[in-house]
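Each value in this text was obtained by applying a stated rule to the coordinates, not by laboratory testing. Just so it is clear, the model here is predicted, and its values are computed rather than measured. Backbone-built Cβ (ideal geometry, glycine too); neighbour counts: all protein chains shown.
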Amino acid sequence: MGKKLRIGVIFGGRSGEHEVSLRSAESIINSIDKSKYEVVPIGITQEGRWLTSGNAAALLPAAVMASDTQERVAIIGDPTRQGLTRLNEGHRAISSDPLDVVFPVLHGTYGEDGTIQGLLEMAGVPYVGCGVLASSTGMDKIAMKDLFRQAGLTIIEYEWFLRSSWEENPEAIVKRVARSLGFPMFVKPANLGSSVGVSKATNKEELRDAINDAARYDRKIVIERAVDGREIEVSVLGNDDPAASLPGEIITGHEFYDYEDKYVDNTSRTEVPAKLPKKTIQQIQRAAVTAFRAIDGAGLARVDFFVERGTNRVIINEINTMPGFTSISMYPKLWEASGVPYAELIDRLIQLALERHRDKSRNLTSYGKREE
Ligand SMILES: Nc1ncnc2c1ncn2[C@@H]1O[C@H](COP(=O)(O)OP(=O)(O)O)[C@@H](O)[C@H]1O
Ligand SMILES: [Mg+2]
């Protein structure tokens, strides 16, 4: 048996989805094939401090975040360092700790949005999942829709505007969206996840409140016509030749799939696989792969759709480039139902990270003469 690959699993982060990330990472660390991989746990606190555990046995997020044997670490954007830099009390670099692959199990801001991917690119470390472009466009609901539309996917009618325009002339915006979209509508901050700041408005009064709320989270605000549809999700896995899983359905217990429903009272249920006609399943799978390619995805993404009641239209809602990854989350459950068990999925993602890194390493970074 060859040398074990050292996998840096990063969790936590400066994000509203910090807790969800801890849960995803815990599942991954528990299930990763320890005969092939050595886990190096890396926690990022809500304040953005990077920690690892000084105790080799304390691998799980709760232990790393709580332990009194915490060690400060950093990843530095210098590819000759090749991994994790350990710091002493005075924050001086004391040693380098090589990492073969990093799995950034971070959801939302500073994790799913291209920022940590940029750091890992600078550092020259292979990492699981989407690169900078796919992560950042997959995070911005407006950029994402532009790319989806270009790729020929069906999107929901929407309007967007800046917070500064809202503050300047709110009534003009209320009038405009009421005329172009009609009630009910959904109001969202452009760059968030987990339904934070998302609300449904059924009249002008609610619309104003909803926009004010969304404007607390982002400088860009999106408003969409409300779709009366079933919520269907598909998992995509691969690099240049991605595959789509069977779809699953979210059946919400609330007015819509809001934050409480997702993480607090869990009144929603999932149906895996979703009960849909074969033709619709194929249509959704093709659309999921198209969406993945449209943002230049790599590794993994979960693509979320509505199937409109009455018309059966397949409408794309969004793509998530680092979807929830506990063993009972939709992304791995859909692969499990499609024949890829959880531990194997982690394995495949690590291999895809290495493949992508090798492919990128072929690119010249200076003007070079072609060898004859
Ligand atoms: N246009 C819409 N029509 C109907 N329901 C919507 C619409 N947009 C969002 N929702 C509901 O709100 C939830 C969260 O919105 P979503 O755009 O997925 O944001 P997030 O990125 O926070 O998950 C969806 O899962 C769905 O239940
Ligand atoms: Mg969503």
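Data overview
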| item | result |
| --- | --- |
| Within-12-Å neighbourhood charge of residue 88 [Cβ basis; K, R +1; D, E -1] | +1 |
| FRET E, pair residue 362, residue 219, Förster distance 51 Å, beta-carbon r, rounded to 0.05 | 0.85 |
| Debye equation applied to the C-alpha atoms of the chain, log10 I(q)/I(0) at 0.06, 0.09, 0.14 Å⁻¹ | -0.24, -0.54, -1.20 |
| Helical mean residue ellipticity (222 nm; -39500 (n - 2.57) per DSSP H run of 4+; nearest 500) of the chain | -9500 deg cm²/dmol |
| Options 57, 136, 352, ranked by Cα towards positive dipole end of the chain, top entry (Cβ charges) | 352 |
| Where a label projected 7 Å from the Cα of residue 354 along Cα→Cβ would reach, residues of region 127-148 with amide N under 20 Å | 127-131 |
| Net charge of neighbours whose Cβ lies under 11 Å from the Cβ of residue 33, counting Lys and Arg as +1 and Asp and Glu as -1 | 0 |
| Given 141/278; 141/279; 220/333; 141/175, the pairs whose alpha carbons are separated by over 24 Å | 141/278; 141/279; 220/333 |
| Over the chain, relative contact order from alpha-carbon pairs under 8 Å, at least 6 apart, % | 16 percent |
| Stretch gain in nm, segment residue 151-residue 209, where the contour uses 0.36 nm per residue and the Cα spacing is subtracted | 17.5 nm |
| Contour minus Cα-Cα distance for residue 309 and residue 343 (0.36 nm per residue) | 8.6 nm |
| 0 to 90° range, to nearest 10: angle between helix 18-31 axis and the chain longest Cα axis | 50 degrees |
| Value in Å of the Kirkwood radius, where region 275-341 supplies the Cα pairs that are averaged | 12.9 Å |
| FRET efficiency for residue 240 and residue 175, using Cβ-Cβ distance with R0 set to 45 Å, rounded to 0.05 | 0.45 |
| Additional length obtainable on full extension of the chain from residue 97 to residue 167, 0.36 nm per residue less Cα span | 20.3 nm |
